[in-house]
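Inspection log for the structure reproduced underneath, given as structure tokens.
The values are calculated or read from the model by the stated rules, or taken from the named source; none is laboratory data. The structure displayed is predicted, hence computed values, not measured ones. Reconstructed Cβ throughout: ideal geometry from the backbone, glycine too, with neighbour counts over all protein chains shown.
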Amino acid sequence: MAEYKQITLEIADGIATLTLHRPDKMNAFTGTMMNEMIDAFDRTDADDSVRAVIVTGSGDRAFCAGADLTPDDGKHVFSSGEAVEDLSDPRVRDGGGLLTLRIYQSKKPVIGAINGAAVGVGVTMQLPMDMRLASTKARFGLVFARRGIVPEAASSWFLPRIVGLPQALEWCMTGRVFDAEEALRGGLVRSLHEPEDLMPAARALAREIADNTSAVSVAMTRAMLWHNPSLSHPMEAHRVDSRAIYTLSRGKDAAEGITSFLEKRAPSYPGRVSSDMPSFYPWWDEPGWK
């Protein structure tokens, strides 16, 4: 288990469990927590044994009760607290956004197990996770307008893509706290579970990925589904699809996928995300990739 101050990271049987760990503060988000979570995702990306990441909160009260607005190691969670003249100054960037952009770039699937209250950044940090499961006792609140600020963590990009613009507008403009049933109806979470069943359900979902799929295929699929909908024309997505199919179909994982299917046995994919991603990955960072 990696040693951190405000999170824990445990890796076992191909599944990493990242737990926000400030139970006495309802797992409130700080600059330290942000840096530790980013480091944890760097670790899980680099570890080929990790096939999926589950993110949850410690205790039974909260997933994350939002930003801790008291100074953390001398700094506020969203910025240094210093006045700056240039709004492009790196000190202006909000901590939630630095985290969500890192999760967005994860090569491993990310599953949120929302065990309790999730307010402010406690909601927005969930948005780049691929699947979100919630306890029946979870509560959610995009409360920014009630604090005189605006949604952060790139949630103006993520939230409408997940729940649709009308729902995103209502939740953000009212700033009200809503229950797990409304989160399910609105498409924010995929399923609700009794508190004692939440982590087993999240692990079962992670296990299904880990036991049955190619790590390289999943990493490519995740990147394609997150990035390609923002392209201006389906032909651009077709170019990515074509390169991916051409490259991966000639690889060792495709050979194992076909062989295991024909032999009616569980697959054992040899491909590694650290070394076997297609040469054009990450295509969105390459000028003129089209």
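To keep it simple, each residue is scored yes or no on (1) over 24 Å from residue 124 (Cβ atoms); (2) of a type outside the set (A, V, I, L, M, F, W, C).
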site: 189; (1), (2): no, no
site: 197; (1), (2): yes, yes
site: 211; (1), (2): yes, yes
site: 241; (1), (2): yes, yes
site: 245; (1), (2): yes, no
site: 258; (1), (2): yes, no
site: 265; (1), (2): yes, yes
site: 279; (1), (2): yes, yes
Revision key, fill the gap. Within the stretch 144-159, the residues that are part of a loop (DSSP other than H, G, I, E, B) and either among the polar types (S, T, N, Q) or in contact with a helix residue (DSSP H, G or I) (Cβ under 6 Å, 6 or more places away or on another chain) (or both) are 150, 151, 152, 153, 154
Study note, to complete from the structure: Here the residues within the stretch 71-124 that are of a type in the set (S, T, N, Q), surrounded by fewer than 19 Cβ atoms within 10 Å (Cβ to Cβ) and at pLDDT 95 or above are 105
Practice item. Evaluate the following for residue 222: is it basic (Lys, Arg) and in a loop (DSSP other than H, G, I, E, B)? Key: no
Study note, to complete from the structure: Scanning the stretch 237-259 residue by residue, those loosely packed, with under 15 Cβ neighbours inside 10 Å and either assigned to a helix (DSSP H, G or I) or in the same structural domain as residue 107 (by TED's automatic domain parsing) (or both) turn out to be 238, 241, 242, 245, 246, 249, 252, 255, 258, 259
Point to revise | Filtered residues of the stretch 125-137 (kept if more than 29 Å from residue 274 (Cα to Cα) and either crowded, with 20+ Cβ neighbours inside 10 Å or modelled with pLDDT under 95 (or both)) | key: 134, 135
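Kindly establish whether residue 145 is buried (at least 17 other Cβ atoms within 10 Å of the Cβ) and either in the same structural domain as residue 54 (by TED's automatic domain parsing) or within 27 Å of residue 25 (Cα to Cα) (or both). I'd like the intermediate steps shown before the answer.
Details: buried (at least 17 other Cβ atoms within 10 Å of the Cβ): no; either in the same structural domain as residue 54 (by TED's automatic domain parsing) or within 27 Å of residue 25 (Cα to Cα) (or both): yes.
No.
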Exercise for review: Please go through the stretch 102-143 and pick out each residue that is under 12 Å from residue 41 (Cβ atoms) and part of a strand (DSSP E or B).
Suggested key: 110
Practice item. Considering only the stretch 185-231, state which residues are surrounded by fewer than 17 Cβ atoms within 10 Å (Cβ to Cβ) and of a type in the set (Lys, Arg). Key: 185, 190, 207
